[in-house]
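The structure follows.
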Amino acid sequence: MPEPYILMLDEVDSTNTYARNHFDELPDGAIVAARSQTAGRGRRGRRWNAPPGSCILCTMVMKRLVDGFHAGALLGVGALNCLREAAPGINAFLKWPNDVYVEERKIAGILSESARIEQGHVTGVVSGIGINVNLPGSLLETIDQPATSLLFATKNEFNVEILLKKLAEILIRYYITYPKCAAGLLFEWKSENRLVGETISVTDPQGKSHTGIFRDILPDGGMVLEEAGSLRGFTCGDVKIDRASVDWERVRNKRKID
């Protein structure tokens, strides 16, 4: 397996923006990382800022993938594997559509974007991830949603650059094998969405909230929600967890795909 190509920047506005602006000159599979970023973005335009040494902030250049769903799935399962190697005691899982959670607290977020469009078709994407590594409780409390970090969850501090290298190795392995193992990766991604079967709330793009049972994930990555006895499909949306409505013992005990 080749060594991953990591471009480490001291400071950047956003690793996704940098990767998109330099897409053609960066090698396929490159990881653009930053020690700090000044205008990091999450889904729906949310800001993602972090002090130096507190988070993994990186973006993967994917010239062989043509949609954000597959790119986000690859980063999601890669991040889970990295977190489990670094901290075997935490029970991390994927929260649809593109977050990594530890119980009701977010530890990582993923944002995939088209980077190259030819004759009206997407021919390359970038996918960024921010992982809370050494954020202390005092900073986690300033975030507008329940959040956690490896430091908060384990009481241990981590070397962010060593962890980044491990993540990059895992991601390039998934990326290289993806063309022959896409179905297996997507099966793993779906299996790691452990809130299937639980009661959740989804805010749709129009801002309307829907509460019901998360019944299934479709082959294209869409969610099926049972709301008031009817099935409703969502291709995107913000999922919120009411801690009291989730059977956390069941979530913890769902089998990890080996």
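First check a/c for region 116-219, with a ≥ b ≥ c the square roots of the eigenvalues of its C-alpha gyration tensor; if it is under 1.5, answer rounded, and if not, answer prolate when a/b is larger than b/c or oblate otherwise.
Since a/c reaches 1.5 but b/c is at least a/b, the shape of region 116-219 is classed as oblate.
Computed from the coordinates I sent, mean projected area of the Cα convex hull in nm² equals one of [x] 13.9; [y] 14.8; [z] 12.9. Tell me the label.
Derived directly from the coordinates: [x].
Rounded, prolate or oblate: which fits region 187-254 when a ≥ b ≥ c are the square roots of the eigenvalues of the alpha-carbon gyration tensor, with rounded for a/c under 1.5 and prolate only if a/b beats b/c?
The shape class here is oblate.
Keeping every protein chain in place, order His121, His22, His210 by accessible area at 1.4 Å, biggest value first, i.e. largest first.
Values: His121 120, His22 50, His210 5 Å².
Output order, biggest surface exposure first: His121, His22, His210.
If DNA, RNA and ligands are ignored and the probe is 1.4 Å, what is the ranking of Met223, Met8 by accessible area, most exposed first?
Largest to smallest exposure gives the sequence Met8, Met223.
Springs between alpha-carbon pairs under 10 angstrom, Gaussian network model over the chain: which of Thr154, Thr142, Thr235 fluctuates most?
Per the Cα network of the chain with a 10 Å cutoff, Thr142 tops the list.
Separate question: Rounded, prolate or oblate: which fits region 137-196, taking a ≥ b ≥ c as square roots of the Cα gyration tensor eigenvalues, rounded meaning a/c under 1.5, else prolate when a/b beats b/c?
oblate
Roughly what % antiparallel, to the nearest 5, for the DSSP beta bridges in the chain?
Rounded to the nearest five, the antiparallel share is 85 percent.
Using +1 at the Cβ of each Lys and Arg and -1 at the Cβ of each Asp and Glu in the chain, identify which of Leu163, Cys181, Pro51 lies farthest towards the dipole's positive end.
The one lying farthest along the dipole's positive direction is Cys181.
May I ask you to rank Lys95, Lys165 by accessible area, largest first, using a 1.4 Å probe over the protein chains only?
Lys165, Lys95
Okay, moving on. To the nearest 20 Debye, how big is the dipole of region 115-258 about its Cα centre, given +1 on the beta carbon of each Lys and Arg and -1 on that of each Asp and Glu?
Using only the charged Cβ atoms, the result is roughly 400 debye.
Can I ask one more? If you average the C-alpha positions of region 57-101 and of region 206-223 separately, how far apart do those two centres end up, in angstrom?
20 Å
Express the relative contact order of the chain as a whole percentage, based on alpha carbon pairs under 8 Å and six or more residues apart in sequence.
16 percent
Let me ask you something else. Using a 1.4 Å probe and ignoring any ligands, DNA or RNA, find the accessible area of Arg20 and quote it in Å² to the nearest 10.
100 Å²
So which GluC sites (Glu not before Pro) in region 114-185 are both in a DSSP loop and have at most 13 other Cβ atoms within 10 Å of their Cβ? Walk me through the intermediate numbers first.
Values: sites: Glu118, Glu141, Glu157, Glu161, Glu169; in loops: Glu141, Glu157.
Taking region 114-185 and a limit of 13 other Cβ atoms within 10 Å, the loop GluC sites (Glu not before Pro) found are Glu141, Glu157.
Please calculate how many Å² of accessible area the chain carries per residue, with a 1.4 Å probe and no DNA, RNA or ligand atoms counted. The partial results should precede the final answer.
Numbers: 12070 Å² over 258 residues.
So the chain comes to 47 Å² accessible per residue, rounded to a whole number.
Going down the list Lys190/Lys240; Lys106/Lys166; Lys106/Lys208; Lys63/Lys155; Lys63/Lys208, which pairs span over 30 Å between their C-alpha atoms? Don't jump to the answer; show the numbers that get you there.
Values: Lys190/Lys240 18 Å; Lys106/Lys166 21 Å; Lys106/Lys208 22 Å; Lys63/Lys155 38 Å; Lys63/Lys208 35 Å.
In this structure, Lys63/Lys155; Lys63/Lys208 lie more than 30 Å apart at Cα.
Continuing with the same structure: State the antiparallel share, in %, of DSSP beta bridges confined to region 20-160, rounding to the nearest 5.
95 percent
Could you identify which residue out of Asp242, Asp24, Asp216 has the top mean-square fluctuation in a GNM of the chain using Cα springs shorter than 10 Å?
Asp242
The values are calculated or read from the model by the stated rules, or taken from the named source; none is laboratory data. Given the structure is predicted, the values throughout are model-derived calculations rather than measurements. Here the Cβ is made from the backbone with ideal geometry for all residues, glycine too, and neighbour counts use every protein chain on show. Heavy atoms of the whole protein, side chains included, go into the accessibility calculation; ligands, DNA and RNA do not. Shrake-Rupley method; radii C 1.70, N 1.55, O 1.52, S 1.80 Å.
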